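Q: I'd like to ask you about the structure that follows.
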Amino acid sequence: MNLNTSQLFALFAATAAATAMTVMAEPVSIPENFWRTPAQAGRFVTLAASWDAVADFTSEEKNRSSNGINDRLNNTRFGADFSLDIPLAGGYGIGPLKDGANRQGIVATEPGGHLHFTGNSNLNPDAATVRFMARGPFWERGQVMTLFSARRETFSIEIVKKSEALALIVRKFKGSPDAREKKLGAYWSTIFEVVLPLPENLDAQKWHSVVASWDAKAGSGLVAFDGTGERGRLTFPADKRGTLVIFLGSAAKTGAYSYSNDGLSIKGSAFDELQICNRPLEDLLAFEKLPPPPSVLLKAEQGARAYFSTLARLQRFGGWQGVYSWPTLLGSDAQGRSLISYDNVISNDKSRGTALIATCLLYGYEILNDHYYLDLARKTADFYVAAQSPEGAWIYIYEIGVNRVEPYEKAEYKFQDSVQSHPLYLLCYIYRLTGEKKYLEAAMRAGEFYLSAQNPDGSWSHHYDIKAKCGRTARGLPNGGEINDLAMNDAIDVMTLMWHFTKDRRYIDAMKRAGDWLLKAQLGGAVNGCWAQQYDSQMRPVWAREFEPPAMSRTATADACEALAGLYRISDDKRYRDAITLCRDWFAKNIKGSKMFDYYEVETGRPIIAHQDRIYHLDDEAEAKAYAAFFRGVPARSDWQVPDIGGILRTAVYPVVEKPLDEAGAAAMLQLTQTRGKLAADTQNEAGMWVFPKIAGSIDSIGAAFIPGHARALMLLQYIDAARTVRGELPLAYRGGSYPHGLGDTKNLALPTNWYEVPWNQ
């Protein structure tokens, strides 16, 4: 046979494409009780639809049209019985079918009839199992039709009835075929596929089961017909976006540019018992053998889903506000009702802002296998990359406009309230999960900013003055040190984290200077061994806000001890531990019981409080009443929790030894998290949030409200992580919510292991 040049090229292209897509398949047998069971909700089910109770359209509904407009003739009634995202169905040309596979199903009443569902949490594109029953003319030999498809940004995952086979296909979505691809014919867009030959004597009038499953990380997929299938290699293109839309009875790409004749349904094509799960088939079959999960785990998982759904609802431009009123969902940066803002404001403040919320989403993505949570967190990470200053810093609150991100108030690069640290942790965490270098590069810029902003004495200030190139206290004093609201704790943790990511000794040297400053800042006098919230450059306690006096601070003392304990675990420097011991002894001698005042005068040790830059002694009845008079007679609190300095001292150990997580370690983590997880789940409202009837308890409170970055969110997720790990539903691994030394926090999500392995003295 003589072939011309174009024929040779076409033959070569087709042969090359076929070779690229050919895989060695292995047979698969699926238990009948899996594929024949009616679709229903479950722990790993993301969408289930049976259509058993759907009524047909009435004559009146069918005839309501006016110039083609008909508000009744749509697919709303064919929505899912259960879904993690929106259950509503769209599409056209679908009707109920009385003789379904079990009770009632649906049928395409015209060519091209189909259903579609929102993607998001309804289908995890990285790993999923899809099953349904199907009947109709498409089963006939020679007929072709796409039965199911899920579209991402650049490709789709489709279940296709080919002429004589059933296939799970990864297809290009963007663009149209070039000259070479057109020569490949109908399947020009196929990137990879697993193909199952169908029986020759297939009865198209009977219901048949279709099961498809894939795992992008493992690079495999399977497709099965009536319980018998093939598993093979399946390659997925890199695609950052999650599932946009799910089709039943349609390809993702139809019309002139699809160059495929299987994309549209055949009239009479019928479906029933659609169920989508967010795990590969082998996982689902293995999990069926496990004992039933405890009720507290079921409640916690449902609570986590509700929490994340509310976060998705509230996210704007990649961010959130710090507080939301309930049930009106008005956002504000803090608890005062004068702080209510429009929804184009993003909070990065109070150690509970946007970055912390996004880290919870990433953690949820890891333990619940929901790619939509990664999509939401990616929006946040991209916001922080865009909002980062040239110096590598962030401000505490932003206002978003068209093509602009700018300060909502003053452009103040704070170190307290985790304004710099939490975005950095988030960026390191999402880099760890995705490997995208833009996030690491932004984190490294933030690390360099931290180094440049350290004061000469080793401290970090309330904020950094970009123009003057120096740190400043809340009142503008140059080079003053700040312990309040985790300024020093966060800085030391950032130094540790950045050393792990860069191996740059400058970060270790900066930690040493910070430790020296904390030792020098320890107070003497009547509060010997404690700390103030803020200092000037001469190590003298100074005023911050009008209610933050130059005094011994309960919270700053606890924070300083925590920071020193962390430094001791890295360094074995006894000075750090001795300072905590001195502090513990002061508390043992001077504080009786479990409650105390918030501030104590340095010179006298008397309990005090401040308002409008004036100090009131709370052991003086007249002064205490004078303070209360500002607040309609409400007295100052004397019931603040005494910090557990002794407990902090007990955790200050060296060396810190780590070992991989094993079954015993996982069981220990479950013991640590179970009570906390139950508390978190039991106190959620219907939106998955933790509502305070009068947030902060102050007289100017916004009232009933919740904090989307509340600590109980992490408590809930830590328990789910531990419980699923113990059950074998997650791999034995530290993910950061737990780490080798107990329960982790935000920084551990960025680096779950080897935190204290720092070459301090090398």
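Q: Indicate the gyration tensor shape class of region 563-709 (rounded, prolate or oblate), computed on the Cα atoms with a ≥ b ≥ c the square roots of the eigenvalues: a/c under 1.5 is rounded; otherwise a/b larger than b/c is prolate and the rest oblate.
A: Oblate, because a/c is 1.5 or more while a/b does not exceed b/c.
Q: Extending each Cα 7 Å along its Cβ direction at GLU288 and LEU88, get the distance between those two points in nm, one decimal.
A: Here the answer is 3.5 nm between the modelled labels.
Q: At a 10 Å Cβ-Cβ cut-off, how would you order LYS438, LYS289, fewest neighbours first? Intermediate results must be reported in sequence, preceding the final value.
A: Numbers: LYS438 14, LYS289 7.
Sorted ascending by nearby Cβ count, the order is LYS289, LYS438.
Q: If each residue of separation counts as 0.36 nm, what is the full-extension length gain between ARG505 and VAL634 once their alpha-carbon separation is subtracted?
A: Difference between extended and current length: 41.3 nm.
Q: What is the calculated FRET efficiency for GLU153 to GLN538, with r their C-beta to C-beta distance and R₀ = 51 Å, to the nearest 0.05?
A: On the way: r = 57 Å, r/R0 = 1.12.
According to the calculation, E is roughly 0.35.
Q: For ASN590 and ASP343 in one chain, what is 0.36 nm times their gap in residues minus the Cα-Cα distance, to one decimal in nm?
A: Between ASN590 and ASP343, full extension yields 84.2 nm more.
Q: Work out the FRET efficiency for LYS240 and GLU110 from their Cβ-Cβ distance, taking R0 = 41 Å, and round it to the nearest 0.05.
A: Working: r = 37 Å, r/R0 = 0.89.
Step by step, r from the Cβ atoms, then E = 0.65.
Q: Now a separate question. Between VAL402 and GLU26, 0.36 nm times their residue separation minus their Cα-Cα distance comes to what?
A: That pair, VAL402 and GLU26, stretches by 130.0 nm at full extension.
Q: Sort the following peptides by mean Cβ neighbour count (other Cβ atoms within 10 Å, averaged over residues), highest first: 198-205, 529-536, 461-468.
A: In decreasing order of mean packing, 198-205, 529-536, 461-468 become 529-536, 461-468, 198-205.
Q: Using a Förster radius of 51 Å, what is the FRET efficiency between LYS437 and LYS410 based on their Cβ-Cβ separation? Nearest 0.05, please.
A: Taking R0 as 51 Å, the efficiency between LYS437 and LYS410 is 0.95.
Q: Sort TRP640, TRP586 so that the residue with the fewest other Cβ atoms within 10 Å of its own Cβ comes first and the one with the most comes last.
A: If I rank by nearby Cβ atoms, fewest first, I get TRP640, TRP586.
Q: For region 310-392, rounded, prolate or oblate, judged on the Cα gyration tensor with a ≥ b ≥ c (square roots of eigenvalues), a/c < 1.5 rounded, else prolate if a/b > b/c?
A: It is oblate, given that a/c is not under 1.5 and a/b is not larger than b/c.
Q: Order these peptides, 515-521, 188-194, by their mean beta-carbon neighbour count within 10 angstrom, highest first.
A: Sorting 515-521, 188-194 by mean packing, highest first, produces 188-194, 515-521.
Q: Do the sum for the chain: with -39,500 (n - 2.57) for every DSSP H run of n ≥ 4, divided by all residues, what is the mean residue ellipticity at 222 nm, to the nearest 500 deg cm²/dmol?
A: Result for the chain, helices only: -10000 deg cm²/dmol.
Q: Could you list SER65, SER59, SER418, SER209 so that the one with the fewest beta carbons within 10 Å of its beta carbon is first and the one with the most is last?
A: SER59, SER65, SER209, SER418
Q: If you don't mind, there's one more thing I want to ask. With a/c under 1.5 counting as rounded, go ahead and sort the chain into rounded, prolate or oblate using the C-alpha gyration tensor (a ≥ b ≥ c being the square roots of the eigenvalues; past the cut-off, prolate if a/b is larger than b/c, else oblate).
A: prolate
Q: List the residues of region 390-422 whose backbone N lies under 18 Å from a point placed 7 Å from the Cα of CYS470 along the Cα-to-Cβ direction.
A: 413-415
Values quoted throughout were computed directly from the atomic coordinates according to the rules given, and no laboratory measurement underlies them. Model, not experiment: these values are computed from the prediction. In this analysis, Cβ positions are derived from the backbone assuming ideal geometry, glycine residues included, and neighbour counts consider all displayed protein chains.
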